[in-house]
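K.L.:
After the structure tokens below, expect a handful of questions from me.
Each value in this text was obtained by applying a stated rule to the coordinates, not by laboratory testing. Just so we're clear, the structure is a prediction, and the values are computed from it rather than from any experiment.
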Amino acid sequence: MTMTMDRRQWLTSICTASIGAIAGCTGDLEAMTEEVNEEATETVNETVSDLARPPNADVEIESDGTILVLSTDPGTVGVMCGLPETDDPVEEVRTADEAVTGPGKIEGCDTERIVAVNEAGDIEVVERLD
């Protein structure tokens, strides 16, 4: 009988140890899952904040050809007459005579396109002049 009892005690001890190990692993797994979740959330937030919104603006063309820029979307640096001619469209829209960096007027535009420029330097045609 002692042999049977020893086996039962031994099996009980092994089972208890196994259950304890599994419980410890579960706690570790929960901690690791939480850490991975936090890292994934942080990565997504960084990626989304790095994305540039496409440039856009609301414009109206008056009968005399004056372009009224009514509003610009967030991230849009400005609106200009024609396509940028330099390698830095952001600087060009900020300094060009036929451009505005917010609501305003552009007069004397003799090109076919009105474009908006965003902070990343992306260009979007917002109006075509015929």
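K.L.:
Compute the normalised compactness of segment 57-128: alpha-carbon radius of gyration over 2.2 N^0.38 Å, N being the residue count.
P.N.:
Against the empirical 2.2 N^0.38 Å value, I get 0.96 for segment 57-128.
K.L.:
Kindly give Rg over Rh for the chain, based on alpha-carbon atoms, with the Kirkwood expression for the hydrodynamic radius.
P.N.:
On the way: Rg = 32.6 Å, Rh = 19.4 Å.
Reported Rg/Rh, Kirkwood definition of Rh: 1.68.
K.L.:
What's the angle, to the nearest 10 degrees (0 to 90), between helix 2-50's Cα axis and the longest principal axis of the chain?
P.N.:
Relative to the chain, helix 2-50 is tipped by roughly 10 degrees.
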